[in-house]
Amino acid sequence: MTHSGSSNTQANANLIGALRRVFALLVMLFGVFLSYLFFWPVPIDPVANEPFPPNPAGQGVFAANQKLDAAELMTLGPGPEGIAFDAAGNLYTGLVDGRILRADPNGNIATFADTGGRPLGMNFDAGGNLIVADAKKGLLSIDAGGTVKILTDSVDGERMIFVDDLAIARDGMIYFSDASTRHAYGTDLLEIYEGRPTGRLVSYNPATNETRVLLDKLYFANGVALSRDEDFILVNETFRPRITRYWLSGEKAGTHEVFIDRLPGFPDNITEAPDGGFWLALPGPRTEQIDALIPSPLARKIAWRIFNLGISPVEQHSWVVKLTADGKPVASLEDASGRIYMVTSVIEQDGKLYLGSLATDYIGIIDAP
């Protein structure tokens, strides 16, 4: 009996010792994890930002819906973001590998040109040249034969590292966005974690070859669109998120103001609608977690470390939004299921909306409401 009791006591002691070692290991691992969260070096230098305005998701025009479910999918290749149409109705879009594809009305697809960079926003000028905002190469012009020419890749003696989107005025002036002066294409997610406004709205005059900064200190300058009367131009600030209006003529010429800032997601591209309004693409939603990070640089550093563990706050949830000429949202088409996701551009052509994406290999096509 005594021997049996000693064995039980020893077994209990061994168990307690093992539990203590496991507990000590867990404490050590937890300490390592905390050290990682708070002290691991990060490639960002965040600053405090003002909180975002209230999120209108689920309210009014932005009432939840799955209207984008009706979209047809047209497979083209990886990352068909910017979309443009020529006078003959051919569709053009740029891919991740630098190619620009042309799809005719019968669905025949061919390579039109290769920029050797990353073509994003695009539009045709009055001479039939395809003007392209290439994130890596700058502002480009491509003639009918597919020959690529660099219009400008620098401003104020400094090379631009993220030319993003453009709009062309009737007088030939090209307005385009330089998304960031800190982070080039492919590292743009760093912008939302840093919260530093380094984006710019830039103009290029083909008659004089002058490149000029119109507006700076933008929070990731993205989509660009002109008003019907061309008295103002809009530029999306993706990581604020809001749209800023810059006045080109009239009493307010040279000044800027917020056009709309109560949005349920982060704005990417914006295009002119045939009725004088605008079509806006919101590729990702605002969430309570993301909104809560904005005022705190420390919280954004921690969030970056968590993101690098493979835990992403980004949801596959996109909107296509119609705005009036004065910035009022009047229609919203949504997909929260991930069937169509990362919708980064929308353009209306012949009564249909064409939806580009940085993340898919297809574009969506749906009747315009």
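The values are calculated or read from the model by the stated rules, or taken from the named source; none is laboratory data. It should be emphasised that the depicted structure is a prediction, and the values quoted were computed from it without experimental measurement. We place every Cβ from the backbone using ideal geometry, glycine too, and count neighbours over all the protein chains shown.
Tell me which residues, restricted to segment 271-283, are more than 19 Å from Thr244 (Cα to Cα) and in contact (Cβ under 8 Å) with a residue 24 or more places away in the chain. Of everything in segment 271-283, just one residue is more than 19 Å from Thr244 (Cα to Cα) and in contact (Cβ under 8 Å) with a residue 24 or more places away in the chain, namely Pro274. When we screen Ile365, Ile302, Ile311 for residues that are over 30 Å from Phe39 (Cα atoms) and among the β-branched types (Val, Ile, Thr), the only hit is Ile365.
The selection criterion, being loosely packed, with under 15 Cβ neighbours inside 10 Å and either not in a strand (DSSP E or B) or not acidic (Asp, Glu) (or both), does not hold for Asp268.
The residue of segment 304-349 that is farthest from Phe232 (Cα to Cα), among those that are buried (at least 22 other Cβ atoms within 10 Å of the Cβ) and among the small types (Gly, Ala, Ser), is Ser318. Picking from residues in segment 207-264 that are among the basic types (Lys, Arg) and under 21 Å from the mean Cα position of the chain (by Cα), the one that is farthest from Tyr185 (Cα to Cα) is Arg262.
Within segment 103-117, track down each residue that is without any contact (Cβ under 8 Å) to a residue 24 or more places away in the chain and crowded, with 19+ Cβ neighbours inside 10 Å. Selection gives Gly117 alone. Applying a threshold of 6 Å to beta carbon distances and a minimum spacing of six or more residues, or different chains, the list of pairs starting in segment 308-326 at a residue that is farther than 24 Å from Gln66 by Cβ and ending at one that is surrounded by fewer than 15 Cβ atoms within 10 Å (Cβ to Cβ) and at pLDDT below 95 is empty. Considering each residue of segment 109-130 in turn, at least one proves to be among the aliphatic types (A, V, I, L, M), within 19 Å of Ile347 (Cα to Cα) and in contact with a Phe, Trp or Tyr (Cβ under 8 Å, 6 or more places away or on another chain). Looking across segment 144-187 at every residue that is part of a loop (DSSP other than H, G, I, E, B) and charged (D, E, K, R), the one that is surrounded by the fewest Cβ atoms within 10 Å (Cβ to Cβ) is identified as Arg170.
What about Thr238, is it of a type in the set (Ser, Thr, Tyr), surrounded by 22 or more Cβ atoms within 10 Å (Cβ to Cβ) and within 20 Å of Pro56 (Cβ to Cβ)? So Thr238 fits the description; yes.
Taking first residues from segment 249-260 that are closer than 15 Å to Leu218 by Cα and touching a residue at least 60 places away in the same chain (Cβ under 8 Å) and partners that are surrounded by 11 or more Cβ atoms within 10 Å (Cβ to Cβ) and of a type in the set (A, V, I, L, M), the Cβ contacts under 6 Å between residues at least 6 apart in sequence or on separate chains come to Phe259/Leu234; Phe259/Ile243; Ile260/Ile243.
The condition of being of a type in the set (Gly, Ala, Ser), surrounded by fewer than 22 Cβ atoms within 10 Å (Cβ to Cβ), in contact (Cβ under 8 Å) with a residue 60 or more places away in the chain and out of contact with any strand residue (DSSP E or B) (no Cβ under 6 Å at 6 or more places or on another chain) holds for Ser227. Residue count for segment 20-67 under the criterion of being under 21 Å from the mean Cα position of the chain (by Cα), β-branched (Val, Ile, Thr) and modelled with pLDDT of 90 or more: the result is 1. Consider Arg262 carefully, then state whether it is at pLDDT 95 or above and in a strand (DSSP E or B). The answer is no for Arg262. Pairs linking a residue in segment 41-52 that is over 11 Å from Pro295 (Cβ atoms) to a residue that is among the hydrophobic types (A, V, I, L, M, F, W, C), with Cβ atoms under 9 Å and 6 or more positions apart or on different chains, are Val42/Trp304; Pro43/Leu190; Pro43/Trp304; Ile44/Leu190; Ile44/Trp304.
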